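A quick write-up on the structure given underneath.
The values are calculated or read from the model by the stated rules, or taken from the named source; none is laboratory data. None of these values were measured; they are calculated from a predicted model. Positions of Cβ are generated from backbone atoms using ideal geometry, with glycine treated the same way; all protein chains shown enter the neighbour counts. With ligands, DNA and RNA removed, areas are computed over all heavy atoms of the protein, side chains included. Shrake-Rupley method; radii C 1.70, N 1.55, O 1.52, S 1.80 Å.
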Amino acid sequence: MLQPKMSETLLALCAIAREVAATEIMPRYQKVVAEIKHDGSLFTEADLAAQSALQRLLPGLLDYPVLGEEMTQAEQEQLWAAHADGLWVVDPIDGTTNFAHGLPNFAVSIAFMRQHRPVLAVVYVPVLDECFAAEVACGAWLNHERLPRVQDERPLSGAIASVETKWLSGHLATRIVTLNPYHSHRNFGASTIDWCWLAAGRTDVMLHGAQKLWDYAAGVLILLESGGQVGSIFHDDYWQENPWHRSAVAARTPSLYAAWQVWVQANK
């Protein structure tokens, strides 16, 4: 049976992500100084330049506004409320702390959303030259090759977990450290990459206490289109959570997800 091909729109979106990384991000890698935003997170000249480029290029592909991480909260909330019919959501550099310190785990993340759900997604990791992409009901890809659904049904006890403990409740964070049910865990400092590596089977389960809209908008679609499953700490229906601070309990297969969600609910 022929495998579905990437649509022309998705191919063009991958090209935009690569272009922005090549022209605005990588020339500044290991050369810029980070500044601190009001919320304590970092940003650099490269974040602003990349967001500006995406705001210029994306409406030429689909003529809708662009919501970016480097906007004010008021601007973001206004765009989200006014454009359920269509909205680009971008993180120009996810993993800015890594980027600013010369660490290679950072990515350009782009999602196109309708009715507050992603329908197109691209996450490009420039140092690895890996471009993950997905289109709703069509599948997920890595560098234009169909991302196969992972068939290995290893138990939770043998799983590699991607865990961000920073935003977990005190009880759950303590249980993760002292009684974790998996083999080992990692944290790479870039949520969008965590989603993609889970989709690719490089990790097995994921837990995050509170992701921002641009942290999950692209990655969650890539995971779902690869056959993964996602809920949250507080709802089995992932989409019921607050879109601005959404927790994630995810796994690359339904059986792993079921076991992982049971453990999280019993220990939260």
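What the table below lists for this structure:
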read-out	value
Pick from the stretch 143-171, criterion buried (at least 18 other Cβ atoms within 10 Å of the Cβ) and of a type outside the set (Val, Ile, Thr), ranking: nearest to Gln265 (Cα to Cα)	Leu168
Considering residues of the stretch 67-86 that are surrounded by fewer than 22 Cβ atoms within 10 Å (Cβ to Cβ) and among the hydrophobic types (A, V, I, L, M, F, W, C) only, the residue nearest to Ile193 (Cα to Cα)	Met71
Selected residue [surrounded by 20 or more Cβ atoms within 10 Å (Cβ to Cβ) and out of contact with any Cys (no Cβ under 9 Å at 6 or more places or on another chain)] from Val32, Val119, Val89	Val89
Yes/no for Trp195 being of a type outside the set (S, T, N, Q), touching a strand residue (DSSP E or B) at 6+ places or on another chain (Cβ under 8 Å) and either part of a loop (DSSP other than H, G, I, E, B) or surrounded by 21 or more Cβ atoms within 10 Å (Cβ to Cβ) (or both)	yes
Qualifying residue in the stretch 175-187 (condition: within 15 Å of the chain's Cα centre (by Cα), modelled with pLDDT under 95 and not in a strand (DSSP E or B))	yes
Out of Ala210, Ala266, Ala250, Ala258, sole residue that is assigned to a strand (DSSP E or B) and open to solvent by 20 Å² or more (accessible area, probe 1.4 Å)	Ala210
Residue that is farthest from Ile36 (Cα to Cα), among those in the stretch 78-116 that are touching a residue at least 40 places away in the same chain (Cβ under 8 Å) and in a helix (DSSP H, G or I)	Trp80
